[in-house]
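Right, one structure below, let's go through it.
What follows is calculated from the coordinates using simple rules that are stated; it is not laboratory data. What you see is a predicted model; the values in this text were computed from it and never measured. As a convention, Cβ positions derive from the backbone with ideal geometry for all residues, glycine included, and neighbour counts pool all protein chains shown.
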Amino acid sequence: MEHEHWAVANLLIGRYGRLAARQAEARIEDADARGDREGREIWRSVLGALDSQGRCLGQFR
């Protein structure tokens, strides 16, 4: 499933560019507010993929 999180990270980069990580962080906060632990962990994984890509391609935060 991790490859799906990388795919979502790429979509966020395409849509939001350098603000992609902020979008993922906002989705983590939304999941927290709803008590959605699984959603929170998925978005944290997407954020991790963004961080990894950011080290390779330039910063997204």
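Given the Cα-Cα distance of ALA26 and SER52 and 0.36 nm per residue of separation, how much length would full extension add, in nm?
Values: separation 26, 0.36 × 26 = 9.36 nm, distance 1.86 nm.
Between ALA26 and SER52, full extension yields 7.5 nm more.
Give me the percent relative contact order of the chain, please, defined on Cα pairs under 8 angstrom at least 6 residues apart. Intermediate results must be reported in sequence, preceding the final value.
Values: 59 pairs, mean separation 26.2, N = 61.
Rounded, it is 43 percent for the chain.
Can you give the charge dipole size of the stretch 2-57 about its Cα centre, rounded to the nearest 20 debye, using +1 on the beta carbon of Lys and Arg and -1 on the beta carbon of Asp and Glu?
I would put it at about 260 debye.
Using the Karplus curve 6.51 cos²θ - 1.76 cosθ + 1.60 with θ = phi - 60°, work out ³J(HN,Hα) for each residue of the stretch 32-37 in order, rounded to whole Hz, and write x for Gly and Pro.
4, 4, 8, x, 8, 5
Please report, for the Cα atoms of the stretch 2-57, the Rg to one decimal and the Dmax as a whole number; what are they, in angstrom?
Using the Cα atoms of the stretch 2-57, the pair Rg, Dmax is 10.7, 33 Å.
Report the extension gain between ARG15 and GLU2 in nm, rounded to one decimal, defined as 0.36 nm multiplied by the number of residues separating them, less their alpha carbon distance.
Using 0.36 nm per residue and subtracting the Cα-Cα distance, I get 2.7 nm.
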